[in-house]
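Here the structure is laid out as structure tokens; the discussion comes afterwards.
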Amino acid sequence: MARFKKTLSNWLNTRHIFIVQNEEDFSEKATYKFTYAKIAFFAFLVFLVILTISIYLVNTVLAQWFDPRYAEQETRKDLVQMSISLDSLTQELESRDQFITSFKKIMQGDVTSNEVLESEAPQPQSPGNVEQLETTDSAFKAEFERGGDFLLTGQIENEELRQLYFFSPITGYISEPFNAQNEHYGIDVVAKKDEPVKCIADGTVILASWTQSEGNVIAVQHRENLISIYKHNSTLTKEVGDFITAGEIVAIIGNTGELTSGPHLHFELWYNGSAVNPEEFISF
């Protein structure tokens with residue numbers, strides 16, 4: 001055994017010379033001195049470097065190809081993100097559905113505009129406190145009767161609405177202007193017979209039906225929590241769920257419903273749940 005170790009040691013430590021010669025004149029071009037021990041050492045270093053690089057690549061770049069757990073981890077991350085996004089979208093849709101439902105009730109005559117506004121007024125923290133509820137309700141009614149900010153009849157606090165461009169739904173003269181105090185939450189525009197009614201901006205139809213008081217009514221949900229409503233039409237050209245672009249025809253002017261005395265368009269504009277004066281944003 002000792003003799004084997006000595007022989008192996010001599011073999012590893014024996015010095016060798018590697019000479020590179022010219023084939024024609026046998027002149028020396030290069031000379032390299034080495035031992036097998038040095039060769040083994042450098043080979044081991046190269047092996048460690050290659051092994052380290054391979055492990056790094058397998059755990060990073062090549063993980064999606066060779067590691068079956070990588071796909072599962074990425075799928076779980078995507079599921080978590082999708083779950084968070086879905087919760088946010090669900091809350092937003094529920095809020096928008098409640099908002100749209102309130103307008104549908106107004107259009108169908110189930111509730112009045114006052115009731116919708118009162119439901120949006122600040123509510124007391126303790127539902128059981130009847131006295132506090134009556135105080136809040138009285139203050140709200142007093143503010144509403146004075147024409148306060150619950151109906152934005154004058155200046156709009158959010159200037160983003162003023163920066164938007166709207167198509168005129170119809171060309172004509174205004175027979176009755178906007179007057180929130182008299183519960184006239186839109187304007188009446190008289191135009192030619194069978195004149196087409198156009199959508200003021202891109203949006204989605206959320207209401208297209210007939211009511212006894214308003215006749216054929218169509219409402220469009222736009223961005224920035226903006227809703228446009230077109231009443232007393234002779235016919236509607238769009239259905240609920242249709243996406244329409246600005247300037248597209250949504251109805252034909254008419255004289256349907258009990259609350260009309262002649263062919264005209266009753267046009268309303270609602271922003272963040274409050275009625276605004278269409279003349280401040282659209283030229284008729």
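The values are calculated or read from the model by the stated rules, or taken from the named source; none is laboratory data. Predicted model, so just to flag it, every value in this text is computed and none were measured. We place every Cβ from the backbone using ideal geometry, glycine too, and count neighbours over all the protein chains shown.
Scan segment 237-252 for residues that are in a strand (DSSP E or B) and either over 23 Å from TYR165 (Cα atoms) or not assigned by TED's automatic domain parsing to the domain that holds GLU183 (or both) and the total you get is 0.
Just the residues that are outside any helix (DSSP H, G or I) and over 60 Å from the mean Cα position of the chain (by Cα), please, taken from segment 34-61.
PHE34, THR35
Checking each residue of segment 175-192 against the condition of being modelled with pLDDT under 85, buried (at least 17 other Cβ atoms within 10 Å of the Cβ) and in a loop (DSSP other than H, G, I, E, B) gives no match.
Here are some residues: SER213, SER283, SER234. Which one is outside any strand (DSSP E or B), in contact (Cβ under 8 Å) with a residue 24 or more places away in the chain, closer than 18 Å to ILE170 by Cβ and not aromatic (Phe, Trp, Tyr)? So that I can check it myself, show each step before the final result.
Details: SER213 fails: closer than 18 Å to ILE170 by Cβ; SER234 fails: outside any strand (DSSP E or B).
One residue alone meets the criteria, SER283.
A quick yes/no check of all residues on (1) closer than 24 Å to GLU94 by Cα; (2) more than 20 Å from the chain's Cα centre (by Cα):
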site: VAL217; (1), (2): yes, yes
site: ILE227; (1), (2): yes, no
site: SER234; (1), (2): no, yes
site: GLU239; (1), (2): yes, yes
site: GLU248; (1), (2): no, yes
site: HIS266; (1), (2): no, yes
site: ASN272; (1), (2): yes, no
